[in-house]
Amino acid sequence: MVEKKSKKSVGKPSCADPKCPFHGHLKVRGREFKGYVVKKLPKKITIKFERIVKVKKYDRIKKESAKIHARLPDCKREEVNVGDYVRVGGCRPLSKTISFVYLENLSPKSSKEEK
Ligand SMILES: [Zn+2]
């Protein structure tokens with residue numbers, strides 16, 4: 001017998017969400033961003049990140065922040081919380097404001113829990 005090993009069998013088994021990049025048929029392509037979760041809704045997260053931009057005219061640097069709305073698939077709902085550092089990837093526009101999808105949680109799991 002030959003054992004079949006699929007790449008997608010990592011973590012939680014499956015979900016019925018067609019717009020899940022791991023189990024559904026949503027393709028992830030384009031840009032990727034990393035940021036902190038500032039808002040969590042049942043199927044959507046909002047992440048915020050900062051980048052440093054050089055202002056040529058004044059020879060200074062400044063911080064620019066941006067917010068991105070990303071879809072949260074059903075199977076990943078429990079592993080994300082507000083304040084986590086996560087990675088999102090671009091996909092096709094899923095709604096008026098959402099064209100990114102949650103990919104993975106980058107924050108360390110144990111150090112977060114205090115008090
Ligand atoms: Zn899924």
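Do we find that Val2 is of a type in the set (A, V, I, L, M, F, W, C) and modelled with pLDDT under 95 in this structure?
So Val2 fits the description; yes.
Take the residues of the range 18-33 that are more than 10 Å from the ligand (Cβ to nearest atom) and not aromatic (Phe, Trp, Tyr): which is nearest to the chain's Cα centre (by Cα)?
Only one residue tops the list, namely Glu32.
Could you say which residue among Val37, Val28, Val53, Val88 is hydrophobic (A, V, I, L, M, F, W, C), at pLDDT 90 or above and in contact with a Lys or Arg (Cβ under 7 Å, 6 or more places away or on another chain)?
Answer to the selection: Val53.
The values are calculated or read from the model by the stated rules, or taken from the named source; none is laboratory data. This one's a predicted model, so the numbers in the text were calculated from it and none came from an experiment. In this analysis, Cβ positions are derived from the backbone assuming ideal geometry, glycine residues included, and neighbour counts consider all displayed protein chains.
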